[in-house]
Structure formats: C-alpha cells, structure tokens
C-alpha cells in the first residue's frame, strides 16, 4: 500500500512544479524571457499572460493560441508573426509593429494599439471590442470605420494551409 502511494506521488509531484509558461518549445520561451529576442520562435500555446515583453523582437514567431492576456508588448516587433487564435485581451501593444501579422480569430478585446503600425495584417474573425487605435497606422488590414471588413484572400499574409 505504502509503495503504491509513493509511486503515485513520484509520478504526480513533478506536475506541481512545472513552470507557468508552457509552450511547444520551452527553450524558445526561455530565450524570449531572457533576451526579448526570439525571431521565428515556436511559442504556440505559450502562457505569456501579464508578461513584460516590451521591446521584444518576435519577427515571424509562431504565437498561435498563445495567451498574451494583459501582456506588455509596447514597441514590440511582431512583423510576420502568427497570432492566429491568440488571446491578446487587454494587452498593451502601444507602438507595436504588426506588418504582415496573422491574427485570425485573435482576441484583441480591450487591447491598446495606440500608435501601432498595422499594415497588411489579416484580422479575419478577430474579436475587437473596446480596442484603442488612437494614432495607429492601419492599412490593408480589414479594420475600418465601424469595425472589421473582409480583405481579399490574395492580399492576406497568412498561409492557413500550414
């Protein structure tokens, strides 16, 4: 009896000491947190909520389904990043660079995009209630006065076949 309890504890105990940040590639998460440089990194599914990622370079990073809720992404470079399905609710993206970013089905509710540069980004199906776009430069994204308008598939930077 005692042996089975000890065996169960040995198997379960590591689960209690795992990091709050989980991703398909934990080394990439560590690289990002230490250097704020992680171009092309695999951060899909990572929990980076409330993390200070200001000034980060995430060019071409895979952030699909990542939790970036209330993250600080001030002046972050997210050019070509895959943010499909990511949660950016309440994130601070002031002065962020989002050219060619893929944001299909992304939660941008209450995100601050003040002075952000959003060019040729795909926001199909994105949630954008109460977003702040003060002084943002928004071109060919499908974001228009009164909400989102579809962009032509040929102009989308996203390759959803991957």
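A few notes on this one:
- Put in line by how crowded their Cβ is, counting other Cβ atoms within 10 Å and starting with the fewest, 27, 37, 95 read 27, 37, 95.
- Put in line by how crowded their Cβ is, counting other Cβ atoms within 10 Å and starting with the fewest, 34, 55 read 34, 55.
- Multiplying the residue separation of residue 119 and residue 70 by 0.36 nm and subtracting their alpha-carbon distance yields 15.4 nm.
- Here the residues 139, 127, ranked from fewest to most Cβ neighbours within 10 Å of their Cβ, fall in the order 139, 127.
- Taking label points 7 Å from Cα along the Cα-to-Cβ direction, residue 129 and residue 39 give a separation of 3.9 nm.
Any read-out appearing in this document is the output of simple, stated calculations on the displayed coordinates, not a laboratory observation. This is a predicted model, so every value here is computed, not measured. Please note: Cβ atoms are built from the backbone with ideal geometry, for glycine as well, and neighbour counts cover all protein chains shown.
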